[in-house]
Amino acid sequence: MNTDIINALAQAAEYLKATGQTEKVITAGRRAPDFCLPDQDGVKTSSASMLRRGPLLLVFYSGGWCPGCVLGLRALQELRPLIEARGASLVAVSQQTIEENARTRSTTQVSLPILCDKGGKVAQQFGVRWRVPELLQTLHLKIGIDLPSLHGEDSWTLPIPARFVIDQRGVIVYSEADPDQTHRSNPSDLLPVLNRLWSARGA
């Protein structure tokens, strides 16, 4: 892994912890905001259409430049058959452009859909959107992470890496957000949550 990127991510994590950003994250028991976003092919995908089929595992990630995010996407890809076997849909969301999401999908060799949340409007609704301060903006640019170019807009915002499980009623039953890219829980920890939803569905 690029040590400069790891250093930038570590500083971002410290900033997020110091400013209490994770306290804004929407918690379990709350109703999930509805959304409709274009996937990596530009096709609009709505939360309502996915929830009609079953529960939804929604994952926010920073971008294809982030080593921890790439590892997380690949881990979810491996788990995807088990997630779908429990009647759930899996979708990732980033603020990257549609084209950049398609590139990330190709380079990481994942087939799960990646939605484009331009400007982070949906991330804001889920409480995971944050603005990169000027000092960290300079650091990002210095090591080649040009967010305005990657995002197609210059808000300099990112989502805190987060996972949400939403049941068919549209209620969040699991909420996890962790700014520390080096500390990511195993996606398989989500299977018991999906098991409970699957059992309740068949009851």
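Numerical summary
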read-out	value
Count of the range 135-166 residues which are buried (at least 21 other Cβ atoms within 10 Å of the Cβ), farther than 17 Å from D117 by Cβ and among the charged types (D, E, K, R)	0
Within the range 1-109, helices (runs of 4 or more DSSP H) holding 2 or more residues that are within 24 Å of K142 (Cα to Cα)	3-18, 67-85, 98-108
Inter-residue pairs, beta-carbon under 6 Å, first touching a residue at least 24 places away in the same chain (Cβ under 8 Å) and in the range 1-30, second among the acidic types (D, E) and not in a helix (DSSP H, G or I), 6+ apart	A13/D180
Inter-residue pairs, beta-carbon under 6 Å, first within 18 Å of S49 (Cβ to Cβ) and in the range 147-174, second of a type in the set (S, T, Y) and modelled with pLDDT of 95 or more, 6+ apart	F164/S175; V165/Y174
Residue within the range 84-95 that is buried (at least 19 other Cβ atoms within 10 Å of the Cβ) and over 16 Å from the mean Cα position of the chain (by Cα) present	yes
Count of the range 55-76 residues which are of a type outside the set (A, V, I, L, M, F, W, C) and surrounded by fewer than 19 Cβ atoms within 10 Å (Cβ to Cβ)	2
Among (1) modelled with pLDDT under 95; (2) among the hydroxyl-bearing types (S, T, Y); (3) surrounded by fewer than 16 Cβ atoms within 10 Å (Cβ to Cβ); (4) under 15 Å from F126 (Cβ atoms), the one test that T22 misses	(3)
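The values are calculated or read from the model by the stated rules, or taken from the named source; none is laboratory data. Because the structure is predicted, anything quoted here is derived from the model rather than measured. We place every Cβ from the backbone using ideal geometry, glycine too, and count neighbours over all the protein chains shown.
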